[in-house]
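The values are calculated or read from the model by the stated rules, or taken from the named source; none is laboratory data. In this text, all values refer to a predicted model and were calculated from it rather than measured experimentally. Heads up, the Cβs are rebuilt from the backbone with ideal geometry, glycines too, and the neighbour counts pull from every protein chain shown.
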Amino acid sequence: MKLKSEQALELDESHVTVGQSFCDNPKMTMRNVDVFYSDKQAIYDVNIDIAKNEVIAMIGPSGCGKSTFLRTLNRMNDTVEGCRVDGQIRMDGQDLYSPKLDVVELRARVGMVFQKPNPFPKSIRDNVTYGPKIHGLADTRVDLDEILEKSLRKAGLWEEVKDRLDQPGTGLSGGQQQRLCIARAIAVSPEVILMDEPCSALDPIATAKIEELIEELSHNFTIAIVTHSMQQAARVSHRTAYFHLGKLIEVNPTEQVFTMPKHPLTEAYITGRFG
Amino acid sequence: MSDSKTLIKIQHSLTRRNRAEARFRWYGRIAILIGLMAVALLFIDIVSKGHGAFRATYINLDIRYDADLIGIDNLSDTEQLSAGNWQALPKSALRERFPDVSGRRDKRRLNNLLSNGAGFDLKDRLLASPTLLGKTESVWVLADDDIDTYYKSWLDGNAYEARLTDQQIQWIGELHEKGLIELKFNSNLFNRGDSREPEQAGIRGAVMGSFLTLVMTLMLSFPIGVCAAIYLEEFAPKNRWTDFIEVNINNLAAVPSIIFGLLGLAIFINFFHVPRSVPIVGGLVLTLMTLPTIIITSRAAIKSVPPSIREAALGMGASRYQMVLHHVLPLALPGMLTGAIIGMAQALGETAPLLMIGMVAFIVDIPNGFSDPATVLPVQIFLWADSPERAFVEKTSAAIMVLLSFLIAMNTTAVWLRRRLERRW
């Protein structure tokens with residue numbers, strides 16, 4: 001007897017995303033998005049909205065395209081040789097792939113936190129104030145210090161590092177480094193924060209802290225997070241999107257995805273039949 | 001049962017493996033030993049030949065600064081000064097030391113004890129303190145190179161007589177008994193330019209030439225090399241053109257240096273009419289030579305900067321230029337500097353291309369600028385090694401010692417700089 005998932009895979013050729021992909025007041029909208037690496041297609045015809053101040057989690061097995069999808073949102077894919085994005089991605093109605101758009105501005109509005117904590121090999125202060133400095137957000141040292149403290153407080157790191165702001169950021173523990181990277185990202189007051197498996201290199205306690213932080217940040221920011229951990233998606237996100245082999249299979253409120261998945265592939269994945 | 005068999009087999013192979021490893025270690029040690037011995041041999045040979053050059057033979061004379069003898073009456077008249085017979089001063093003083101010597105031939109032999117530059121040294125002395133005119137002063141005067149060679153070898157116990165007559169040897173013996181001939185520190189070696197007379201020849205000109213040429217090379221090759229490396233690594237698209245360029249940079253590194261010399265001769269001198277023998281053209285040619293080294297090491301240094309740093313910077317909204325300037329360059333700089341210093345050390349030791357562009361000329365004056373004719377240390381070594389006078393043998397070795405100490409100093413700086421800059425975080 002065939003597994004449900006295998007049946008579904010065969011059905012997939014003309015698939016339509018199941019669930020609530022769209023919302024009334026979207027921050028970002030994506031229509032018919034295809035992504036290619038040279039000749040290889042990584043993402044097929046994705047249609048989805050990301051609402052204001054929501055936390056949306058992208059889950060799916062390795063190589064399903066969830067990270068690629070995330071990186072189309074701030075055009076980090078531009079740095080990959082041979083990467084091409086078709087379709088339409090808009091933020092507040094503005095086309096992100098229009099030739100008129102400056103990626104530098106876009107990346108100031110859409111911040112990113114990477115899988116491996118990657119603080120600059122500079123002091124904690126320089127790490128956080130780098131963004132405000134290059135974007136000219138602060139004129140005086142006092143302004144910069146204010147941004148520094150505010151960002152570190154928001155990232156829940158202030159108490160731990162306030163006495164050693166001039167020591168290297170690389171000297172912190174892994175979890176602290178990741179929170180430093182989050183502080184660095186929010187220092188330029190982005191509208192959206194992209195997180196690419198932000199906890200995969202961290203221990204459970206550090207992970208818990210980051211998850212708490214995401215919860216906090218969701219009041220002020222729109223957050224898109226890619227994660228390998230279904231528990232994490234269940235804990236932090238409002239909506240969950242399930243990707244499979246480059247296709248967006250299902251988008252639904254997180255609770256529903258994990259209790260009553262609509263699509264057989266989603267069900268197969270969250271029940272651990274593959275992944 | 002089968003378990004113990006496996007174990008025995010493993011143990012058997014283990015002894016074999018251990019033996020192989022021990023053997024390999026010994027090969028390594030022997031290889032290093034051979035290398036060290038070669039270096040030690042080189043140093044022992046050079047030092048044993050060259051240490052003598054740091055001292056020169058001087059003869060003590062009571063010099064009377066007699067205006068009539070020199071043929072001058074006014075110390076401020078430069079024409080008179082340059083026409084004056086300065087060599088007469090030490091000659092007459094020496095004749096007073098040996099009043100018995102008579103006859104033209106004997107007198108000439110006696111005069112041959114002195115360096116023919118001795119008179120000019122006394123002229124400088126007199127001009128420095130004009131009150132000496134008409135007075136007598138005890139001065140150590142530079143001896144001729146044949147005397148120098150003989151006296152040093154005689155002190156060492158295996159006298160080399162060569163071109164000296166028995167009479168001259170006897171005079172030296174007498175001077176030695178009276179303590180009027182001595183070995184003193186050879187300041188000429190460090191203060192003077194090249195000369196046909198070994199006792200007056202120094203490396204100052206070559207050192208200055210090397211310095212000017214290297215400054216020129218560094219000023220051109222470091223910025224060009226670093227810019228090329230950054231562009232190729234961070235900005236250039238990866239296509240057939242950049243592949244082509246990359247291959248050709250590596251080709252450039254493999255081109256024999258004499259070819260660069262010919263290129264410099266054909267292009268810089270014959271086409272652009274840059275003057276010959278000057279540090280500018282030397283620097284240009286050596287720039288061509290060191291560029292590939294600097295580009296390749298700089299690219300390696302840039303490549304070794306983790307991509308996560310680049311992503312972090314770009315993700316923060318830094319432009320590519322800001323990413324490179326703020327994050328990649330500071331991290332790559334130690335590697336780039338090391339590459340530059342190693343390139344400079346190569347350039348310092350380079351001889352062949354400079355022969356083609358006239359830096360092999362016999363140049364007495366010490367160069368003071370980029371457009372003064374100059375030679376460089378390795379070429380000076382080549383010139384001295386080629387000279388017939390025996391006294392140049394130890395000069396050659398001394399110049400090699402100076403060159404080697406510069407090279408060692410530069411390489412040590414490279415290592416030190418790398419450690420220091422890398423320790424920052």
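With the structure loaded, tell me whether B:K152 is in a helix (DSSP H, G or I), under 26 Å from B:R390 (Cβ atoms), assigned by TED's automatic domain parsing to the domain that holds B:I63 and charged (D, E, K, R) or whether it fails that test. Yes: the conditions hold for B:K152.
Listed by position, the helices (runs of 4 or more DSSP H) enclosed by segment A:113-232 that each have at least 3 residues that are in contact (Cβ under 8 Å) with a residue 40 or more places away in the chain are A:124-135, A:174-186, A:204-217. Let me spell it out: the conditions are (1) assigned to a helix (DSSP H, G or I); (2) closer than 17 Å to B:I172 by Cβ; (3) of a type outside the set (G, A, S); (4) free of Cβ contacts under 8 Å to residues at least 40 places away in the same chain, and B:D100 meets all of them except one. Which number is the exception? Every listed condition holds for B:D100 apart from (1). Here the condition is being away from chain B (no Cβ under 14 Å), under 20 Å from the mean Cα position of the chain (by Cα) and on the phi > 0 side of the Ramachandran plot; of A:G156, A:G175, it holds for A:G156 alone. Within segment B:186-239, being in a loop (DSSP other than H, G, I, E, B) and either modelled with pLDDT of 95 or more or more than 14 Å from chain A (Cβ to nearest Cβ) (or both) holds for B:N186, B:S187, B:R192, B:G193, B:D194, B:S195, B:R196, B:E197, B:A201, B:G202, B:I203. Do the conditions hold for B:V215, that is, is it out of contact with any Asp or Glu (no Cβ under 6 Å at 6 or more places or on another chain), in the same structural domain as B:V364 (by TED's automatic domain parsing) and surrounded by 14 or more Cβ atoms within 10 Å (Cβ to Cβ)? Spelling it out, B:V215 is indeed out of contact with any Asp or Glu (no Cβ under 6 Å at 6 or more places or on another chain), in the same structural domain as B:V364 (by TED's automatic domain parsing) and surrounded by 14 or more Cβ atoms within 10 Å (Cβ to Cβ). Among the residues of segment B:320-343, the one identified as within 12 Å of chain A (Cβ to nearest Cβ) and of a type in the set (S, T, N, Q) is B:Q322.
Here segment B:126-159 is the region considered, the condition is being of a type in the set (F, W, Y) and touching a residue at least 60 places away in the same chain (Cβ under 8 Å), and the residue that is surrounded by the most Cβ atoms within 10 Å (Cβ to Cβ) is B:Y151.
Residues that are among the charged types (D, E, K, R), closer than 25 Å to A:E216 by Cβ, within 14 Å of chain B (Cβ to nearest Cβ) and touching a residue at least 60 places away in the same chain (Cβ under 8 Å) occur at least once in segment A:62-73. Where helices (runs of 4 or more DSSP H) sit wholly within segment B:256-319, those with at least 2 residues that are within 14 Å of chain A (Cβ to nearest Cβ) occupy B:307-315. Residue under question is B:L175, and the condition is that it be farther than 26 Å from B:V402 by Cβ and more than 24 Å from the chain's Cα centre (by Cα); does it hold? Yes: the conditions hold for B:L175.
A single member of A:V104, A:V33 is free of Cβ contacts under 8 Å to residues at least 60 places away in the same chain, more than 30 Å from A:A183 (Cβ to Cβ), of a type outside the set (S, T, Y) and crowded, with 16+ Cβ neighbours inside 10 Å, and it is A:V33.
The sole residue among A:R84, A:R90, A:R109 that is within 9 Å of chain B (Cβ to nearest Cβ), of a type outside the set (V, I, T) and touching a residue at least 12 places away in the same chain (Cβ under 8 Å) is A:R109.
Picking from residues in segment B:102-125 that are farther than 27 Å from B:S76 by Cβ and loosely packed, with under 15 Cβ neighbours inside 10 Å, the one that is nearest to the chain's Cα centre (by Cα) is B:R108. Test A:K150 against the criterion of being surrounded by 14 or more Cβ atoms within 10 Å (Cβ to Cβ), away from chain B (no Cβ under 12 Å) and either of a type in the set (A, V, I, L, M) or in contact with a helix residue (DSSP H, G or I) (Cβ under 7 Å, 6 or more places away or on another chain) (or both), and give yes or no. So A:K150 fails the test. For segment B:382-425, residues that are outside any loop (DSSP other than H, G, I, E, B), polar (S, T, N, Q) and over 14 Å from B:I46 (Cβ atoms) total 3. Scanning segment B:341-364 turns up no residue that is farther than 30 Å from B:I269 by Cβ, surrounded by fewer than 23 Cβ atoms within 10 Å (Cβ to Cβ), among the polar types (S, T, N, Q) and not assigned by TED's automatic domain parsing to the domain that holds B:Y150.
Of the residues screened, A:A187 is one that is surrounded by 17 or more Cβ atoms within 10 Å (Cβ to Cβ) and within 14 Å of another protein chain (Cβ to nearest Cβ). Against the condition under 20 Å from the mean Cα position of the chain (by Cα), at pLDDT 90 or above and within 23 Å of A:R235 (Cα to Cα), how does A:V55 come out, does it pass? For A:V55, the condition - under 20 Å from the mean Cα position of the chain (by Cα), at pLDDT 90 or above and within 23 Å of A:R235 (Cα to Cα) - is met. Of the residues screened, A:L180 is not one that is surrounded by 22 or more Cβ atoms within 10 Å (Cβ to Cβ), closer than 29 Å to A:S237 by Cβ and touching a Phe, Trp or Tyr at 6+ places or on another chain (Cβ under 6 Å).
In this structure, is A:T79 touching a Leu at 6+ places or on another chain (Cβ under 7 Å), surrounded by fewer than 17 Cβ atoms within 10 Å (Cβ to Cβ) and polar (S, T, N, Q)? The answer is yes for A:T79.
Conditions (1) farther than 30 Å from B:L155 by Cβ; (2) surrounded by 15 or more Cβ atoms within 10 Å (Cβ to Cβ), marked per residue:
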site	(1), (2)
B:S4	yes, no
B:Y58	no, yes
B:Y65	yes, yes
B:D77	yes, no
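Considering only residues that are surrounded by 22 or more Cβ atoms within 10 Å (Cβ to Cβ) and either facing another protein chain (nearest Cβ under 9 Å) or touching a strand residue (DSSP E or B) at 6+ places or on another chain (Cβ under 7 Å) (or both), which ones fall in segment A:128-138? Selection gives A:Y130, A:G131. The criterion of being farther than 25 Å from B:P306 by Cα, at pLDDT 90 or above and out of contact with any strand residue (DSSP E or B) (no Cβ under 6 Å at 6 or more places or on another chain) holds for A:S189.
Counting only residues that are within 20 Å of A:I225 (Cβ to Cβ) and crowded, with 20+ Cβ neighbours inside 10 Å, segment A:109-127 holds 8 of them. Would you check which residues across segment A:188-246 are under 12 Å from the mean Cα position of the chain (by Cα) and at positive phi and list them? Passing the criteria: only A:E197.
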